[in-house]
Structures are given as C-alpha cells and as structure tokens.
Amino acid sequence: MCRNITTLRGLEPVATPAEIEAAARQYVRKISGVQKTSSATDAVFEAAVQEIAHITTHLLAELPPRKQPPRTLPPLRRITVKRAADSPVG
C-alpha cells in the first residue's frame, strides 16, 4: 500500500492522536490521489482524515496487545529520536 504508513499497534508509549492523524492523512492522500487540497477538496478530505483517525483510534484500543513492537517508528517519532541523537551531551 503506502510505505509512509507505519504500524501504530504495539508502540510504547501508545500511538498519540497526532501519530494516528498523520497515518490517516497519508492513507487519505494515497487513496484519493490528492496531495495538496484545494477549495474543492479541502472539506471532504479533512472529514475523511478525521473519520479514519477516529476509527483507527477505536481499532487500536480494541485489538489485543502485540507480542513484538513494530519494526519501524512512525515518522513523528523518528524526528524526536533524531533530535535527541543530534543534541549535545552534557
């Protein structure tokens, strides 16, 4: 499907609303073919993102825990990890 959508189930700490919305946004971009919204697409695009984020939140809450964490971090966590690694020690 889309390589930018990463597994959110099993993250420690659990996936944040921002991570869930980012994944929903990537999904809607991929399936709709809309990379940048216009006045004609903005409302329906944003409504789809919110609905998918809502459904995803419920899905993640209802699934049983994973035995292994996901192999890759969501993009929002990669930024945080990179910043921590780049900051000077001491």
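The values are calculated or read from the model by the stated rules, or taken from the named source; none is laboratory data. All of these numbers come straight from a predicted model, not from anything done at the bench. FYI the Cβ positions are ideal-geometry reconstructions off the backbone, even for glycines, and counts take in every protein chain you see.
Once segment 4-39 is narrowed to residues that are under 20 Å from THR72 (Cβ atoms) and hydroxyl-bearing (Ser, Thr, Tyr), the residue that is modelled with the lowest pLDDT is THR6.
Yes/no per residue for (1) within 17 Å of ILE55 (Cα to Cα); (2) touching a residue at least 12 places away in the same chain (Cβ under 8 Å); (3) of a type outside the set (Gly, Ala, Ser):
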position: LEU8; (1), (2), (3): yes, yes, yes
position: LEU11; (1), (2), (3): no, yes, yes
position: PRO17; (1), (2), (3): yes, yes, yes
position: ILE20; (1), (2), (3): yes, yes, yes
position: SER32; (1), (2), (3): no, yes, no
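When segment 27-56 is filtered for residues that are among the hydroxyl-bearing types (Ser, Thr, Tyr) and more than 19 Å from the chain's Cα centre (by Cα), the ones remaining, listed by number, are SER38, SER39, THR41. Restricting the first member to segment 36-64 and to residues that are in contact (Cβ under 8 Å) with a residue 40 or more places away in the chain, and the second to residues that are among the aliphatic types (A, V, I, L, M) and in a helix (DSSP H, G or I), the beta-carbon pairs closer than 8 Å and six or more apart or on different chains are THR56/ILE20; THR56/ALA23; THR56/ALA24; THR57/ILE20; LEU60/ILE20.
Filtered by the rule that a residue be hydrophobic (A, V, I, L, M, F, W, C), part of a loop (DSSP other than H, G, I, E, B) and in contact with a Ser or Thr (Cβ under 8 Å, 6 or more places away or on another chain), segment 25-76 gives VAL34, LEU73.
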